[in-house]
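Okay, so here's the structure we're looking at.
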Amino acid sequence: MKISFPHMGYSYIALKWLVENLGHECIVPPEPSKRTLDLGVRHAPEFACIPYKILMGTYLEVAEMGAELILSSGGRGPCRAGYYWVMHRYLLEELGLDVKLIAFEPPLNDLKGFFKTIHWLRKTGGRSVKEVLNALEVTWEKIKALDDLELCSHETRPYEVNRGDTTRALWKGLDMVDQANTLAELAEARHEGLRLLESVPRDNSRNPLKIGIIGEIYVVLEPAANHYIQIMLGEMGVHTDRSIYLSAYTRNNTIVNLEGDIKAMARPYLNADTIGGHGVNSVAETVLYAKHGFDGVVQLAPFACIPEIVAKGILPTISQEYGIPVLTIFIDEQTGKAGVQTRLEAFVDLLQRRRENKAKSERLAI
């Protein structure tokens, strides 16, 4: 069976390996492009958010490429994203496309349904239970390795001497993880990828600004949706820290929920049970970034995303109480790279002047 799935960051590398090792042919989804978005906009409700439109466009593209089955995900809570797969399936049927779409609901919500889908994929792929367990283990380790390499790249980039060296080292590391087929090979690929990143020529005398990245999971994790904002900031000499990585998100939604402290951080400002999505996280993580001495925070949000709109309404209070500037960037099909870059450059200039003024005040106070 020819199987595909949504494109979200570098996770396609791990998911491709999983599909192939469950005995199926993988149709790797292309990175979202202008064509992807145009297709999604054409067939989506006007006020649907950009993740909905990009996923719709992606599903149409992989259907053109011959996909027979698309694996997506459901969700928990009041955020409408958990129901998008149902709407996507109806649209694919209305368009007369011969492709099936099914969703994995979070095991914490529907453990029986989760394993039922895995069993069906195993059976149709002709794999034993042992082979499936091994495939899941290697896939999980691939996801963690991909996150480790990306995290290391964002820590390295603001110090690089030659612009682009870090990104080129990252691409090589990702390719090595892609080629690994066993846990031993994967461990070696991760080690070598991190070595490549650590060998990038650095200027450790720099004292980069530190900016936290918060917001809705898809526009935070998919670089094509946010115009590669972390690479953009890194090449401006800014150290960025992202609040969401797929390995942590997967762990919290499939194994055990580790977000108790996050909800506690948000509770003085927002009842954690009132909104879905990552609105609660955006509020709590802004507090955490402030407490950890970050210079600023960038909130990435799909246009019309209710949880992030609620969070945005609260962030000015946190910004004032903790003295941390927050820049919100709403993303839709009209958002261009040049506009994002201009706003980031202005924000970085503001943070730099703010740091200099603070240092000057401290010197005068001595």
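Across the options I102, A145, L133, the greatest Cα extent toward the positive end of the charge dipole of the chain (unit charges at beta carbon of Lys, Arg, Asp, Glu) belongs to A145. Restricting segment 15-67 to GluC sites (Glu not before Pro) that sit in a DSSP loop and have at most 10 other Cβ atoms within 10 Å of their own Cβ leaves E46. In the chain, helical runs assigned H by DSSP with n ≥ 4 each contribute -39500 (n - 2.57); averaged across all residues and rounded to the nearest 500, the mean residue ellipticity at 222 nm is -18500 deg cm²/dmol.
Per-residue Cβ neighbour counts within 10 Å put W17, W120 in the sequence W120, W17, beginning with the fewest. Each 5 Å bin from 0 upward holds the following percent of the Cα-Cα pairs of segment 108-256: 2, 9, 15, 17, 17, 15, 11, 7, 4, 3, 1, 0. Straight-line cross-link partners of K358 among the lysines, defined as a Cα under 30 Å from its Cα and at least 8 positions apart when in the same chain: K210, K291, K312.
Order by neighbour count: C49, C26, fewest other Cβ atoms within 10 Å first, most last.
Values: C49 26, C26 19.
Ranking C49, C26 by Cβ neighbours within 10 Å, fewest first, gives C26, C49.
One quarter of the surface of the convex hull around the alpha-carbon atoms of segment 208-366 equals 10.0 nm², the direction-averaged projected area.
Note on the chain: with charges restricted to the Cβ of Lys and Arg (+1) and Asp and Glu (-1), its dipole about the Cα centre is near 580 debye. Applying the Kirkwood pairwise sum to the alpha-carbon positions of segment 148-196 produces a hydrodynamic radius of 10.9 angstrom. In terms of surrounding Cβ atoms within a 10 Å radius of their Cβ, K116, K100 rank from fewest to most as K116, K100. DSSP bridge analysis restricted to the chain gives an antiparallel fraction near 5%, rounded to the nearest 5. In plain terms, the C-alpha convex hull of the chain casts an average shadow of 19.0 nm² when viewed from every direction. Checking the cross-link pairs K144/K337; K53/K337; K116/K144 against a 23 Å limit on the alpha carbon distance flags K144/K337; K116/K144 as lying beyond it.
Placing unit charges on the Cβ atoms of the charged side chains and taking the dipole of segment 208-366 about its Cα centre, the candidate lying farthest along the positive direction among G234, G215, G293 is G293.
All of the numbers you see were taken from the coordinates with simple rules; none came from a lab. These numbers were taken from a predicted model, which means no experiment stands behind them. Here Cβ is always computed from backbone atoms with ideal geometry, including for glycine, and neighbour counts include all displayed protein chains.
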